[in-house]
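Data block below; observations after.
The values are calculated or read from the model by the stated rules, or taken from the named source; none is laboratory data. Here the structure is a predicted model, which means the values were calculated and not measured. Neighbour counts run over all protein chains shown; Cβ positions are idealised from the backbone, glycine included.
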Amino acid sequence: MTLNDPLSEPAADVTLSRRNVALALAAGSLGGALFAFLGAPLAWMLGAMAATTCLALFGAKTEIYPSAVSIMVAVLGVLMGSAFTPDIVKQAANWVPSVSVMVAVMSAFAAGGYIIFRQLGGYDPVTSYFAAVPGGFTEMTLMGTDLGGDAKTIALAHATRILIVVSVIPFYFRSILGLEIPTLPSNLVSVASFPIADGLILFGCAIFGLYAARWMTLPAPAFLGPMALSALAHTAGWTTNAPPLELIAIAQIIVGASIGSRFAGQTWKSARKTIILATMTTSLMIVTASLIGLGMADLLGHPMEALVLALSPGGLTEMALIALTIGINTAYVSTLHILRILFVLLAAPLVAPKNRPKNPSQ
């Protein structure tokens, strides 16, 4: 599997090897089961991600069907939508100061990351810029490539960023802050006792939301569309249930395995410089988000943990899932990450640098 975002290529299923897909699913399931046995936070996703990343960096070919990832991300979108209630929607006006802080922080992240990739890594301006901007994996890679940046470097930098944030934040919350992070959200019910009517409503939110968001060409359509319809269904009182726990566990395995599989085709030797630089920038981002969360939580009127999640440069799906699992302001965290992606998509092309031609005479 190449370092392209699987959500953007649903037609690529036919090109994948069933053997590679089976290897990724087997490794992801075993990794998830091991992490669950050890009591790790977000065990099924982190275990799957760790197992497939290790296999990929050691030369194994792991792949996940893009359509399967899209469906499972849609399931997680429906799960996040279940966190929206009428009371929470009424509080949205109070999130404006947080949005202002988010815009300032993301701008600082992009500037700092650019300096690291450009000065320490020696990458060209476009590659340095789009590798540093904490936007969507797919969007940053495509934009950067269109403007002359190196696609593999940009994609690898963002894959590393997401991997680090998703790995570090849950353990930081548990080990440093002493929060209890269960393997799965505590409010889920088993599929055996799941109401059929609620299942049909949530299924409709996933399918119609996914295709509607793609038709509207929204960013992260597999997540945003289902989440929006699910939020509508829950705020309207049509259902109070989230997807069943078995389905959420499967979704975490597939999403985790897809993140790890982004490293397929890379070796530590070939990817070392990019991974080290991405680790440096991501670590600075996490520390900065933590300090701002600690210092501005009371001023902004939100728990420190929620602010850290909202400002951390992780993936929208993963950060929202952590918030929901902990039980902290999921709607707030999801909304700020959606606005982060929209802000980056609008601002990144406007301020992106240009590469100078290697041979001015051409």
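Among the candidates Pro226, Pro185, Pro219, single out the residue that is touching a residue at least 24 places away in the same chain (Cβ under 8 Å), part of a helix (DSSP H, G or I) and under 22 Å from the mean Cα position of the chain (by Cα).
Working: Pro185 fails: part of a helix (DSSP H, G or I); Pro219 fails: part of a helix (DSSP H, G or I).
Just one listed residue meets the conditions, Pro226.
Go through the range 167-182 and give me each residue that's of a type in the set (A, V, I, L, M, F, W, C) and part of a helix (DSSP H, G or I).
The first filter runs over the range 167-182 and keeps only residues of a type in the set (A, V, I, L, M, F, W, C), leaving 168-169, 171, 173, 176-177, 179, 181.
Scanning the range 167-182 gives Val168, Ile169, Phe171, Phe173.
Scanning the range 14-37 for residues that are exposed (fewer than 14 other Cβ atoms within 10 Å of the Cβ) and not polar (S, T, N, Q) returns Val14, Arg18, Arg19, Ala22, Phe37.
So that you can scan it fast, the table gives a plain yes or no per residue for (1) crowded, with 24+ Cβ neighbours inside 10 Å; (2) within 18 Å of the chain's Cα centre (by Cα); (3) not polar (S, T, N, Q):
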position	(1), (2), (3)
Ala271	no, no, yes
Ala278	yes, yes, yes
Met285	yes, yes, yes
Val308	yes, yes, yes
Ala320	yes, yes, yes
Ile326	yes, yes, yes
Leu339	no, yes, yes
Val351	no, no, yes
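Filtered by the rule that a residue be farther than 30 Å from Ala24 by Cβ, among the hydrophobic types (A, V, I, L, M, F, W, C) and either in contact with a strand residue (DSSP E or B) (Cβ under 7 Å, 6 or more places away or on another chain) or modelled with pLDDT under 85 (or both), the range 65-105 gives Phe84, Ile88, Val89, Ala92, Ala93. Residue pairs whose Cβ atoms lie under 8 Å apart, separated by 6 or more positions or on different chains, with the first residue in the range 120-141 and within 20 Å of Leu311 (Cβ to Cβ) and the second outside any helix (DSSP H, G or I) and among the β-branched types (Val, Ile, Thr), are Met140/Val133.
Among all residues of the range 107-123, there is at least one that is farther than 21 Å from Lys273 by Cα and assigned to a helix (DSSP H, G or I).
Restricting the search to the range 219-240, which residues are among the aliphatic types (A, V, I, L, M) and either buried (at least 20 other Cβ atoms within 10 Å of the Cβ) or closer than 15 Å to Thr317 by Cα (or both)?
Listed by number, the residues that qualify are Ala220, Ala222, Leu224, Met227, Ala228, Leu229, Ala231, Ala233.
The one condition from (1) under 18 Å from Gly327 (Cα atoms); (2) in contact with an Asp or Glu (Cβ under 8 Å, 6 or more places away or on another chain) that Phe84 does not meet is (2).
Within the range 239-264, the set of residues being out of contact with any helix residue (DSSP H, G or I) (no Cβ under 6 Å at 6 or more places or on another chain) and part of a loop (DSSP other than H, G, I, E, B) comprises just one member, Thr240.
From the list Ala68, Ala40, pick out the single residue that is surrounded by fewer than 24 Cβ atoms within 10 Å (Cβ to Cβ), among the small types (Gly, Ala, Ser), closer than 18 Å to Val165 by Cβ and under 20 Å from the mean Cα position of the chain (by Cα).
Within the list Ala68, Ala40, the selection yields Ala40.
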